[in-house]
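Input: a single structure, listed below in structure tokens.
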Amino acid sequence: MMKTAESNRTSPSWMTGTFGVVSAIVMIALGGILHGHYSNRWGQPDKMMDIGAKLKQVPLSIGEWSSNGDIELSETTLTLLECMGYLNRVYVSKSTGESVRVALTFGPKGPIAVHTPEICYSSRSVTAGDKRKSIENDFDGNRNSLWELIFTSNDVERSKLHVTYGWSDGGPWLAAENPRFWRTDYLYKIQTASGLGKGNVAATNRFLQDFLPEIRKIMKPSRE
């Protein structure tokens, strides 16, 4: 390995003295604390399991939408996400027959933050459309934003899938760039998927208008 002129310089005397040693110890300790905070190494309080369990309390019938119940996630998925609670359902409109699949998860911010639809849907069977964009709504009384993506199947039908997702620490839903670095130990994540019907209009907005107020009732406020 080639040494640079910078690496050949003699370290200042204070770096080799007591002050330098103490500073190094402080920096190492601080780094460990930060890493522990961001990776949830310190463990989770029991109450977080109770918060996650509340997701199952979301009604199976909401407005024009009804569901037959939760679709169980595999043990592999649960281990990967480290989620402490989830909701995974298909809701069908009683009036139009349109369906929306929704996944709501709660858990440590690290794994909850990094698994996005771009990863989940990355396969040869679908192709992502244009770059994701942020869409806003105030369906639950908050100024929310969610990422929106369109995927197209690679088969003959070339059907389109409308996907939205975002995160919350108990406050508004946000189309965030780096939720992993939020100052919180936990995150909620919502993800929806529905087919695009006539005129490339998805049922997602109508669904979220009914769904978001319901899940707001069981979410832990961010300031508690």
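Answer yes or no as to whether VAL100 is closer than 18 Å to LYS189 by Cα and in contact with a helix residue (DSSP H, G or I) (Cβ under 8 Å, 6 or more places away or on another chain).
In short, yes.
Which one is farthest from THR152 (Cα to Cα) among residues in segment 162-198 that are of a type in the set (Ser, Thr, Tyr) and without any contact (Cβ under 8 Å) to a residue 60 or more places away in the chain?
Restricting to residues being of a type in the set (Ser, Thr, Tyr) and without any contact (Cβ under 8 Å) to a residue 60 or more places away in the chain, the top hit is SER168.
Got at least one residue in segment 93-104 being among the charged types (D, E, K, R), modelled with pLDDT of 90 or more, within 21 Å of the chain's Cα centre (by Cα) and closer than 30 Å to ARG158 by Cβ?
yes
Taking segment 157-197 only, how many residues are surrounded by 20 or more Cβ atoms within 10 Å (Cβ to Cβ), touching a Ser or Thr at 6+ places or on another chain (Cβ under 6 Å) and assigned to a loop (DSSP other than H, G, I, E, B)?
1
Go through segment 31-60 and give me each residue that's in a helix (DSSP H, G or I) and either modelled with pLDDT of 50 or more or touching a Leu at 6+ places or on another chain (Cβ under 7 Å) (or both).
LYS47, MET48, MET49, ASP50, ILE51, GLY52, ALA53, LYS54, LEU55, LYS56, GLN57
Condition check ((1) of a type in the set (Lys, Arg); (2) in contact with a strand residue (DSSP E or B) (Cβ under 9 Å, 6 or more places away or on another chain); (3) within 21 Å of MET49 (Cβ to Cβ)) across all residues:
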| site | (1), (2), (3) |
| --- | --- |
| GLU64 | no, yes, no |
| ASN68 | no, yes, no |
| THR79 | no, no, yes |
| GLU82 | no, yes, yes |
| ARG89 | yes, yes, yes |
| GLU98 | no, yes, no |
| VAL102 | no, yes, no |
| THR105 | no, yes, yes |
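The values are calculated or read from the model by the stated rules, or taken from the named source; none is laboratory data. What you are looking at is a predicted structure, and each value in this text was computed from that prediction instead of being measured. All Cβ positions, even for glycine, are placed from backbone atoms using ideal geometry, and neighbour counts span all protein chains on display.
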